[in-house]
Each structure stands twice: as C-alpha cells, then as structure tokens.
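Comments concern the structure below.
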Amino acid sequence: MNKLPKFKSEKKEALFWDTHDITDYLDELKEITPTLKLSKDIKKKIFSRRQKKLLTLRLEQGQIDAAKLVASQKSVPYQTLLRMWIMEGINREIMPLIKSDK
C-alpha cells in the first residue's frame, strides 16, 4: 500500500484524488464517527416543524395563485403566508371571546 501524502490545501487534495485510487490507501484511512452540532436556532426551527400537523385544505386554483403572488411580494413561502392568515383570522375571532369571559 502507498503512503498518503499531507496536503497543503483542499484544492491540492482534490487534485490528488482526481488522479489516484482510494483503494491504494485503505491502510492509511481512519474510521470516524461524524458529529453534527446544531445551533439553538436550527434546533428550534426543527422542533417547531415537528409540532405542525398535516391538514388537507381544498382551495380554488385562483386562491392559491393569489396567495403565491402575495407571498412572493413578501418573500415568504405561500404556505407560511396562508398559516399566518389563518392565525390572524383565529386571533381576530378569539379575542372578543377572551374579552367577554373577563
């Protein structure tokens, strides 16, 4: 087996592997256990997605097209915009109910 050289840059390493066969260097390779550390923001985003439940809602094509147009103007995905609108409607309806309970 050949001895694996030390590389001064990723570019030089890439060029090396373009012209060499990895099987010639199997004795030099070490098995690693990959670790992935996520930021708190990414973990929060992943967790919030898990909390959503799938809902099928039938809309007319024109309604979808209009939502997509507005969403593109706001630079958000149209599904996110639809969720925002639904939440706004829920809040609008529920606030009088909450106030009347006091």
Inset, instruction - Could you please find all residues in segment 1-55 being polar (S, T, N, Q), farther than 30 Å from Gln79 by Cβ and either assigned to a loop (DSSP other than H, G, I, E, B) or modelled with pLDDT under 85 (or both)? - result: Asn2, Ser9, Thr33, Thr35
Legend entry - Residues of segment 47-102 that turn out to be charged (D, E, K, R) and more than 21 Å from the chain's Cα centre (by Cα), as a count: 9
Legend entry - Yes/no for Arg83 being surrounded by 10 or more Cβ atoms within 10 Å (Cβ to Cβ) and basic (Lys, Arg): yes
Inset, instruction - Look at Asp65 and say whether it is part of a helix (DSSP H, G or I) and exposed (fewer than 10 other Cβ atoms within 10 Å of the Cβ). - result: no
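The values are calculated or read from the model by the stated rules, or taken from the named source; none is laboratory data. Since this is a predicted model, take the numbers as computed values, not measurements. In this analysis, Cβ positions are derived from the backbone assuming ideal geometry, glycine residues included, and neighbour counts consider all displayed protein chains.
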